[in-house]
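Enquirer: First the structure, then my questions, so here it is.
The values are calculated or read from the model by the stated rules, or taken from the named source; none is laboratory data. What you are looking at is a predicted structure, and each value in this text was computed from that prediction instead of being measured. Here Cβ is always computed from backbone atoms with ideal geometry, including for glycine, and neighbour counts include all displayed protein chains. To get the accessible areas, we keep the full protein, side chains included, count just its heavy atoms, and leave off ligands, DNA and RNA. Shrake-Rupley method; radii C 1.70, N 1.55, O 1.52, S 1.80 Å.
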Amino acid sequence: MNEKLIEVQNLKKYFRVSEGELHAVDNVSFSIEKGETLGLVGESGCGKSTIGRVILRLLPHTSGQVFYNGENIFNYDEQKMLSMRIKMQMIFQDPYSCLNPRKTIGQIIAEPLIINKTVPRSELNHVVLELMDKGGIRKKLFNSYPHELDGGRQQRVGIIRALALNPEFIVCDEPVSSLDVSIQAQILNLLQDLQEERKLTYLFISHDLSVVKYISNRIVVMYLGKVMELSESKELFKNPVHPYTRALLSAVPNPTYGMHKERILLKGDVPSPVNPKPGCRFAQRCQYASERCFQEEPVLKEISQGHQVACHLT
Ligand code: SF4
């Protein structure tokens, strides 16, 4: 697992708002290897979902580049991007709101196959039923409507639909956060099984570190549009370095984290991402902040192999 599928370079996404410019994603770089799950974690509003959408070009970028298999997809015209979309899919947080309530489960799953003409009409039902089986949806639900399914099954349908075109890369945007804990595990297991079987690559976005830990090979921790720390999943939990990561981990209820058992309470509110101040984005809430932190932005530095941190203390 060392061939890059996705490479994000200096990605910025700013939104014009009445008070100025909202820096949702600010100079973010990372890569995702083929077959890997990269977890993207942070509080709501840190820009993690925006990154997923910009990578898939569902939102235009402000600057920066995204390479897919070595090709800059931001240079693709609409036509080329259409064929690329087959390879890049998305699973959304709220399954119900992205399933057409007027269509049956069979029709919903068949839709991308029909639009992209990837399966002859005569084989359509057979392929849809096979996909349903793969996603753990019973065949008798073929003619049911989304509102007749519980949240877990609705999310399974969302996953099956994302898989219908046989993609290589899937952005999973908080795919289990609206589900009960027992259902979350089933959906995570399904995602893992499908990944293994189809050699899928995931960008897994979540605010929940324990969920991200369960499924990710590596984790990116974001705060206010910036990457704070990036590391192998095990290393991050064993040796969190950035003060923000340590605070996040201290809130994960797991007695095995030893020295991080004591909860670190962050002071103050998350500052506004509109016209951000110079210096470290985390400075206003960091217990270690010095004068330098308010003036000079820390760069992301490698502190050990594959472990990067943006903090003046390192
Ligand atoms: Fe805290 Fe300064 Fe490090 Fe930012 S750079 S996390 S403010 S110590």
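Enquirer: With charges set only on the Cβ (+1 for Lys and Arg, -1 for Asp and Glu), what does the dipole of the range 70-186 come to about its Cα centre, in debye to the nearest 20?
Expert: Here the range 70-186 has a charge dipole of around 480 debye.
Enquirer: Follow-up question, since we're still on this one. Which trypsin sites (Lys or Arg not before Pro) in the range 105-182 sit in a loop by DSSP (not H, G, I, E or B) and have at most 15 other Cβ atoms within 10 Å of their own Cβ?
Expert: LYS117, ARG138
Enquirer: Further question on the same structure: So what is the accessible area of the chain per residue, in Å², with the probe set to 1.4 Å?
Expert: Here the per-residue accessible area is 49 Å².
Enquirer: Sort 92-98, 263-269 by the packing proxy (mean of other Cβ within 10 Å over each peptide's residues), most packed first.
Expert: Descending packing order for the listed peptides: 92-98, 263-269.
Enquirer: Near the amide H of MET90, under 5 Å away, which other amide H atoms are found, from residues 5 or more places off or on another chain, if H is placed in the peptide plane?
Expert: VAL171
Enquirer: Near the amide H of LEU40, under 5 Å away, which other amide H atoms are found, from residues 5 or more places off or on another chain, if H is placed in the peptide plane?
Expert: Residues meeting the amide H criterion: PHE204, ILE205, SER206, VAL220.
Enquirer: Helix 105-115 versus the longest principal axis of the chain: what is the Cα-based angle in degrees, 0 to 90, to the nearest 10?
Expert: 80
Enquirer: Now for a separate question. In whole Hz, what ³J(HN,Hα) sequence does the range 34-47 give by Karplus (6.51, -1.76, 1.60; θ = phi - 60°), x for Gly and Pro?
Expert: 3J(HN,Hα) across the range 34-47, in whole Hz: 4, x, 9, 10, 9, x, 10, 10, x, 5, 5, x, 7, x.
Enquirer: Over 19 Å between Cα atoms: which of LYS48/LYS199; LYS13/LYS48; LYS34/LYS199; LYS12/LYS48 fall into that group?
Expert: The pairs that break the limit, which is 19 Å between Cα atoms, are LYS48/LYS199.
Enquirer: Turning to a different aspect of this structure: Based on the alpha-carbon gyration tensor of the range 116-183 and its eigenvalue square roots a ≥ b ≥ c, which shape applies: rounded if a/c is under 1.5, prolate if not and a/b is larger than b/c, or oblate?
Expert: Oblate.
Enquirer: Counting only protein heavy atoms and a 1.4 Å probe, tell me what percentage of the chain's accessible area is made up of carbon and sulfur.
Expert: Carbon-and-sulfur percentage of accessible area, whole number: 47.
Enquirer: For the range 176-208 and the range 128-152, write down the distance between their C-alpha centroids in whole Å.
Expert: 17
Enquirer: While we're looking at this one, here's another question. Counting only helical runs of four or more DSSP H residues, what would the 222 nm mean residue ellipticity of the chain come to if each run contributes -39,500 (n - 2.57) and the total is spread over all its residues?
Expert: Here the helix-only value at 222 nm equals -9000 deg cm²/dmol.
Enquirer: Starting from the Cα of LYS134, draw a straight line to each of the aspartates and glutamates and keep only those under 19 Å, dropping any in the same chain fewer than 8 residues away.
Expert: Result set, ordered by chain and number: GLU111, GLU123, ASP150, GLU168, ASP193, GLU196, GLU197.
Enquirer: Give me the distance in nm between label points sitting 7 Å out from Cα along the Cα-to-Cβ direction at ASN239 and GLN9, one decimal.
Expert: 2.9
Enquirer: Quick one: angle between helix 124-134 and the longest Cα principal axis of the chain, in degrees between 0 and 90, rounded to 10, please.
Expert: Rounded to the nearest ten degrees, it is 50.
Enquirer: What residues from the range 108-128 fall in the zone where the backbone N is under 20 Å from a label point 7 Å along the Cα-to-C-beta line of GLN186?
Expert: 109
Enquirer: I'd like the orientation of helix 78-87 relative to the chain: the angle between its Cα long axis and the longest Cα principal axis, in ° from 0 to 90, rounded to 10.
Expert: On a 0 to 90 degree scale, this one is about 80.
Enquirer: Let me ask something additional. Looking only at GluC sites (Glu not before Pro) in DSSP loops with at most 11 other Cβ atoms within 10 Å, what is the longest site-free stretch of the chain?
Expert: Working: sites that count: GLU3, GLU19, GLU262.
The reported range is 20-261.
Enquirer: Cross-link partners among lysines for LYS238, C-alpha distance below 21 Å, same-chain residues fewer than 8 apart left out?
Expert: Partners found: LYS213, LYS261, LYS301.
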